[in-house]
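The values are calculated or read from the model by the stated rules, or taken from the named source; none is laboratory data. In this text, all values refer to a predicted model and were calculated from it rather than measured experimentally. Cβ placement follows ideal geometry from the backbone for every residue including glycine, while neighbour counts extend to all protein chains displayed. Heavy atoms of the whole protein, side chains included, go into the accessibility calculation; ligands, DNA and RNA do not. Shrake-Rupley method; radii C 1.70, N 1.55, O 1.52, S 1.80 Å.
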Amino acid sequence: MSREHLPERHTAAWNIQVWVSFLVSFALTLGGIWFLAVDPWVKGYFLMGLLFTVGSSFTLAKTVRDNHEAQMLRNRISKARANKLLSEFEEEAA
């Protein structure tokens with residue numbers, strides 16, 4: 001497989017920054033919910049909303065990535081078919 005078809009890997013610094021950012025935002029939101037001056041059922045509702053939001057965010061990110069990768073594969077298959085047709089046409093014309 002040629003290098004142009006391989007996905008770029010992120011640097012270790014980028015991966016660390018992404019995970020630290022996620023963990024800090026999640027922890028601060030949890031802390032905000034914990035220290036709210038409201039009834040426990042309200043805190044539970046907010047916690048449930050936070051967990052559903054995080055879970056659906058991961059699902060959305062995976063779906064967007066999978067759709068992008070599938071489109072790239074379809075484009076490569078179409079390009080290969082077009083190249084095959086062109087080479088067959090060139091052979092017949094010669």
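The figure for Phe89 is an accessible area of roughly 140 square angstrom, using a 1.4 Å probe on the protein chains alone.
Summed over all non-identical Cα pairs, the Kirkwood treatment of the chain gives a radius of 18.1 Å.
On the accessible surface of the chain, probed at 1.4 Å, how many percent belong to carbon and sulfur atoms? Ligands and nucleic acids excluded, carbon and sulfur give 67 percent.
Rounded to the nearest 10 square angstrom, Asp39 shows an accessible area of 90 square angstrom against a 1.4 Å probe.
Solvent exposure of Thr29, expressed as accessible area, is near 60 Å², computed with a probe of 1.4 Å over the protein chains only.
Provide the net charge surrounding Leu73, with neighbours chosen by a C-beta distance below 12 Å and charges set as Lys +1, Arg +1, Asp -1, Glu -1.
Values: positive: Arg74, Arg76, Lys79; negative: Asp66, Glu69.
Result for the local shell: +1.
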